[in-house]
1. Quick check on residue 123: is it open to solvent by 10 Å² or more (accessible area, probe 1.4 Å), aromatic (Phe, Trp, Tyr) and not in a helix (DSSP H, G or I)?
2. Find all pairs meeting these conditions: Cβ atoms under 7 angstrom apart; at least six residues apart or on different chains; first residue within segment 272-289 and free of Cβ contacts under 8 Å to residues at least 24 places away in the same chain; second residue open to solvent by 50 Å² or more (accessible area, probe 1.4 Å).
3. Pull out all pairs, ordered by first then second residue, where Cβ-Cβ is under 6 Å, the residues are six or more apart or on different chains, the first lies in segment 295-308 and is modelled with pLDDT of 90 or more, and the second is among the charged types (D, E, K, R) and not in a helix (DSSP H, G or I).
4. Within segment 453-461, is there a residue that is of a type in the set (Gly, Ala, Ser) and either modelled with pLDDT of 90 or more or open to solvent by less than 20 Å² (accessible area, probe 1.4 Å) (or both)?
5. When the residues of segment 403-417 are narrowed to those that are assigned to a loop (DSSP other than H, G, I, E, B) and farther than 10 Å from residue 427 by Cβ, which ends up least open to solvent (accessible area, probe 1.4 Å)?
6. Kindly check whether there is at least one residue in segment 134-143 that is open to solvent by 20 Å² or more (accessible area, probe 1.4 Å), of a type in the set (A, V, I, L, M, F, W, C), part of a helix (DSSP H, G or I) and touching a helix residue (DSSP H, G or I) at 6+ places or on another chain (Cβ under 9 Å).
7. Residue by residue through segment 387-396, note down the ones that are within 14 Å of residue 494 (Cα to Cα), open to solvent by less than 40 Å² (accessible area, probe 1.4 Å) and of a type in the set (A, V, I, L, M, F, W, C).
8. I want to confirm something. Restricting to segment 418-438 and keeping residues that are among the hydroxyl-bearing types (Ser, Thr, Tyr) and open to solvent by 40 Å² or more (accessible area, probe 1.4 Å), which single residue is nearest to residue 68 (Cα to Cα)?
Amino acid sequence: MFEKEPQSIFALSTLWLFAVITMILACGLGVRLYDLKDPPLDYASTRQLRSALIARGKYYQTARDVPEWKREIALKQGEHTLIEPTVMETIVAGTYWIVGGEYVWIARIYSSLFWVLGGLAVYALAREMIGVDGGIIGMTYYLFAPFGLISSRSFQPDPLMTASIILAWWTFYRWHRAHTWKWAVLAGLSAGFAMFVKSTAIFFLLGGMGALVLLRTHIKNSLKDGQVWAIGLLSALPVLLYNIYGVFIVGSLGKQFKGRIFPQLLSDFQFYQRLKNAMTTVAGHELILLVVIIGLLLIRKKEEIGYLVGIWIGYLVYILAFSYHSTTHYYYHLPLIPLAAISIAGFSHFIFERVKSKLFDNLVRIGLVLILLLGVGGGYYMLFNEDFGNVPYFFGKVTSKVEHDAKIVVLSQDYGLRIAYYGWIAPKAWLGTGDLEYSKLRGGTEDPFEEKFNQFVGNADYFIVTWFNELRKQEKLYDKLYNNYEIYEEGGGYVIFDLHQKLEQ
């Protein structure tokens, strides 16, 4: 009934292979659900809180039996600068509505599930390009790379985008092999969805797809191929329509492009050092990057190597285009993990083909089990390493000292999003010194302090500070607040200045 796959370490039978894949996927999902209800502050907290506030705003639009003041604040908090479509936020908000409450940890389940399903696509692609055993190893790396283990749980579009990219890689490769309309439509839809979730996916798709089309047949034949045009249309249409909406109708999306491309950084040696650090962190170790390069060189089939090289070229163009964020926002490199997984699959396949013995096969199987145990145990340690359980209580206590409808300026963590989310306020955030470098890169100039301060406080009622390390760096702000305004309330970790009560000079 179950046929044995010859020369395979893991596929002793169809049933055995199914069991191995299921075990790996279950471990990959299970470890990501550790510490499920801890606040989303473990990684990229600013980005996660932004999504949490957007989802809250969507939910409270139609939520039943909620205080009206909370609805008003949630709607204000949910207002956001247009960047990418709010796919994840809409899914999570819809789930809030179904379960009857705002439970932000639901987003962690979705992100984890999407990422793990992406692991199945990694296996499918690696199996077809390389082999079963390489696919198993590549999928295992993808699911248990330490950086991916943490970042793939985060409430942001990147885990879903990355999983969608892998699906697009696989469906397009299937179309290349089968050349049927079914796979052409699936390839176009999956690529279109990936780019719709986050338009930067285009860098990880266009290069590989273009290379495979050119290698498959002469360019003239490709231009006459209706399936090629269908894939291109289905891929481009969603993101094209969204960008037309964002740039020409809403008008704010064009500013986002300006704030991400800084070619002047490419002449700075420090940029390349920071880039190496980012890639090493995401991949897991410098040795892994070396294995990735070797594995890529070991793939012998012309079309497969062309496909992967095309994806790598797209990735390098992406790094150069987003030079600032690729060294400061490590989640920009998340697609490196599945891309590395394919090369690791190739490297593993090369080794497995050349070392044949029952002892070696058993050692590899034992090694896989140990990797899973280490991944689950190590993930448990990483995810429980820091506890943010007291954060909601702290910020709720701070903001309970002021009125719900008060106008508030804050110098607080995560651009004020942390105190906004857990304190149920819609404040105006005074930025930190770390934003000055970014502002200068964008061509901005620092406003004179008095003008900036007067602009911020305006008709505000209170200035709340919870980020004291930053306050001490900004001496002018420190002096302005402590020398000119009454302290309305203060305690451990916070101080509230009453902007209507000035000190006597």
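1. Numbers: open to solvent by 10 Å² or more (accessible area, probe 1.4 Å): yes; aromatic (Phe, Trp, Tyr): yes; not in a helix (DSSP H, G or I): no.
Judged against the criteria, residue 123 is not a match.
2. Sorted first by the residue in segment 272-289, then by its partner, the pairs are 280/286.
3. none
4. yes
5. As a first pass, look at segment 403-417 and keep what is assigned to a loop (DSSP other than H, G, I, E, B): 403-407, 412-413.
With the extra rule that they be farther than 10 Å from residue 427 by Cβ, the set shrinks to 403-405, 413.
Values: 403: 87, 404: 105, 405: 130, 413: 49 Å².
This residue is 413.
6. Filtering segment 134-143 down to residues open to solvent by 20 Å² or more (accessible area, probe 1.4 Å) leaves 137, 141.
Next cut, of a type in the set (A, V, I, L, M, F, W, C) only: 137.
Narrowing further to those that are part of a helix (DSSP H, G or I): 137.
So of that shortlist, the ones also touching a helix residue (DSSP H, G or I) at 6+ places or on another chain (Cβ under 9 Å) come out as 137.
Yes, segment 134-143 contains at least one residue that is open to solvent by 20 Å² or more (accessible area, probe 1.4 Å), of a type in the set (A, V, I, L, M, F, W, C), part of a helix (DSSP H, G or I) and touching a helix residue (DSSP H, G or I) at 6+ places or on another chain (Cβ under 9 Å).
7. 391, 395
8. So in segment 418-438, the residues among the hydroxyl-bearing types (Ser, Thr, Tyr) come out as 421-422, 433, 438.
In the following step, the residues that additionally are open to solvent by 40 Å² or more (accessible area, probe 1.4 Å) were identified as 433, 438.
Working: 433: 37, 438: 38 Å.
So the residue we want is 433.
The values are calculated or read from the model by the stated rules, or taken from the named source; none is laboratory data. Quick caveat: nothing in here was measured; it's all calculated off a predicted structure. Neighbour counts are summed over all protein chains in view; Cβ atoms, including those assigned to glycine, are modelled from backbone coordinates with ideal geometry. To get the accessible areas, we keep the full protein, side chains included, count just its heavy atoms, and leave off ligands, DNA and RNA. Shrake-Rupley method; radii C 1.70, N 1.55, O 1.52, S 1.80 Å.
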